1. Out of A:I133, A:I123, which single residue is open to solvent by 10 Å² or more (accessible area, probe 1.4 Å) and in contact with a His (Cβ under 9 Å, 6 or more places away or on another chain)?
2. If only one of B:T112, B:T136 is more than 9 Å from chain A (Cβ to nearest Cβ) and among the β-branched types (V, I, T), which one is it?
3. Those residues that are surrounded by 12 or more Cβ atoms within 10 Å (Cβ to Cβ), basic (K, R) and within 29 Å of A:H138 (Cα to Cα), I need them from region B:128-178; list them, please.
4. Return the residue satisfying two criteria in turn: it lies in region A:49-69 and is part of a loop (DSSP other than H, G, I, E, B) and more than 13 Å from the chain's Cα centre (by Cα), and of such residues it is farthest from B:P158 (Cα to Cα).
5. Return the total of residues in region B:70-91 being part of a loop (DSSP other than H, G, I, E, B), within 7 Å of chain A (Cβ to nearest Cβ) and crowded, with 24+ Cβ neighbours inside 10 Å.
6. A:D92 is checked against (1) more than 7 Å from every other protein chain (Cβ to nearest Cβ); (2) of a type in the set (D, E); (3) in a loop (DSSP other than H, G, I, E, B) and fails just one. What number does that condition carry?
7. Inside region B:92-121, can you point out the residues that are part of a strand (DSSP E or B) and small (G, A, S)?
Amino acid sequence: MHVVRRFALLILGLLGMPTADAIADGGTRMTVTGEMMDTWCYLSGVMGGAEAVVGSSHHTCALWCAAGGIPVGLLTDDGTVYFVLQMEGSPDVVGSDTLLDVQSDRLVADGIVYERDGNNFIIVEKVVANEGITVLNHTDYGPVPPFAIPELN
Amino acid sequence: MRKLLSMIAAGLVCVASPVSAQESQAESWGLLGEQALRFEGKVTDLLCAITGNCPADCGAGKRQLGLLRDDGSLVVVGKNVQAAFNGGVPDMLPFCGQRVEVDGLMVGEGATKLYQVQLVRPAGSDAVFEKTTRWTDVWAASHPDLAATGDPWFRKDPRVLSRIKAEGYLGLGLEVDRKFIAEW
C-alpha cells in the first residue's frame with residue numbers, strides 16, 4: 001500500500017498537482033512542483049514585477065541572491081512561496097552549493113510543508129524530478145536586473 | 001487638578017507604550033507592501049521555530065533565521081540593509097537565542113512576508129543601533145584575495161562565476177547566451 005501511495009503521489013507531483021499525505025511533526029507531507037527562486041526580489045518587487053523575477057531573465061540575479069544567503073523559495077504554480085528549510089538532508093540553506101545548483105530550475109519535490117503566520121515553509125526530503133529552467137522569459141524582459149549581463153552594458 | 005491628572009495619565013501611556021509603537025528609523029526602499037517596523041523579539045533559526053529541532057548555535061550560519069515576537073508570531077529575516085544581494089544571517093547570528101530590538105522593513109503584498117532588518121541592538125539596551133552590514137565583511141574575510149580588487153563581490157564570487165561559466169547568464173547554456181547577447 002505504501003508503494004502504491006508513493007507512486008500516486010509521484011504521478012500527481014509530475015502533473016504539477018500538490019498532494020497531501022499525512023501529518024508529520026506538525027507539517028503535512030506533500031509533493032510540490034515549482035521553481036526554485038529568490039524570495040527577496042519576488043516578494044519585495046525591488047527588481048520589477050513578479051513575472052520578470054523568475055526564470056531565465058532573472059537567473060543570474062537568483063544565483064547572486066542565493067549565494068548572498070537570501071532565503072531560497074519554491075514557487076508553485078498556484079503562486080505559493082515555500083521558504084526552503086532543508087534540502088535533501090542538507091542542513092545548509094544559507095548560500096549553499098546545493099541550492100545554487102538548482103536555482104531557477106523547476107523541481108518536483110517530496111517533502112514536509114508547514115504554514116505559520118501567513119508564511120509557508122518546506123523541508124525538501126527528495127527531489128523527484130528536475131525539469132531545468134522552464135520559464136524562458138529573457139526575450140520578454142531581458143536580463144533582470146539589466147546589469148546582470150555585463151556584455152550588454 | 002484635572003489637568004495634572006491628564007498629564008500624569010498621558011505620561012503613563014507613553015511609558016507603557018510597546019516597543020513596536022516606537023517610531024521606526026528604517027529607510028524606505030519603495031518596495032511592495034513595504035511597512036517600516038521596529039520591534040523586539042528573540043532570534044531563532046526557522047527550522048527550530050517550526051519543527052522544534054533547535055541547536056544551541058541556531059545552525060551556525062547554515063540555517064535561515066527569524067525573530068519570535070512577544071505575541072508568538074514568527075518573522076522571517078530575509079535581507080540586511082546592504083544593496084548587493086546580501087542576506088541577514090551574519091547580522092542576526094551573533095544574537096542567537098537572545099532578545100533584540102530591530103528596525104527595518106516588512107515587505108510583501110500578500111500573506112507571505114519577509115523582513116529586511118536594517119538596524120539591530122540588544123533588547124532593552126540604550127546602545128546605538130548597529131547597521132546590518134556584516135555580510136560583505138564575512139565574504140571579504142573568506143575571500144581575502146578577491147576582496148582587495150575593485151569589483152563588487154557578486155561579480156567575482158567563484159561559486160557564482162563557475163555556474164555562469166558552465167550554464168551562462170540565462171542558465172540555458174552558452175550558445176543560448178551567445179545568441180541572446182548578439183540579438184538583444
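1. Numbers: A:I123 fails: in contact with a His (Cβ under 9 Å, 6 or more places away or on another chain).
Just a single option satisfies the conditions, and that option is A:I133.
2. Working: B:T112 fails: more than 9 Å from chain A (Cβ to nearest Cβ).
Sole residue among the options that is more than 9 Å from chain A (Cβ to nearest Cβ) and among the β-branched types (V, I, T): B:T136.
3. Matches in region B:128-178: B:R155, B:K156, B:R159, B:R163, B:R178.
4. Here is the first cut: in region A:49-69, the ones part of a loop (DSSP other than H, G, I, E, B) are A:49, A:53-55, A:68-69.
With more than 13 Å from the chain's Cα centre (by Cα) added as a condition, the list becomes A:49, A:68-69.
Details: A:G49: 29, A:G68: 13, A:G69: 15 Å.
The residue in question is A:G49.
5. To start, the set of residues in region B:70-91 that are part of a loop (DSSP other than H, G, I, E, B) comprises B:70-73, B:80-88.
From what's left, within 7 Å of chain A (Cβ to nearest Cβ): B:73, B:85-87.
Then drop every residue that is not crowded, with 24+ Cβ neighbours inside 10 Å, which leaves B:85-87.
Of the residues in region B:70-91, 3 are part of a loop (DSSP other than H, G, I, E, B), within 7 Å of chain A (Cβ to nearest Cβ) and crowded, with 24+ Cβ neighbours inside 10 Å.
6. For A:D92, the failing item is (1).
7. Quick first cut of region B:92-121, residues part of a strand (DSSP E or B) only: B:99-107, B:114-121.
The one that is part of a strand (DSSP E or B) and small (G, A, S): B:G104.
The values are calculated or read from the model by the stated rules, or taken from the named source; none is laboratory data. Model, not experiment: these values are computed from the prediction. Ideal geometry is used to build each Cβ from the backbone, glycine not excepted, and the neighbour counts take in all protein chains shown. Ligands, DNA and RNA are excluded from the accessible area calculation, which covers all protein heavy atoms including side chains. Shrake-Rupley method; radii C 1.70, N 1.55, O 1.52, S 1.80 Å.
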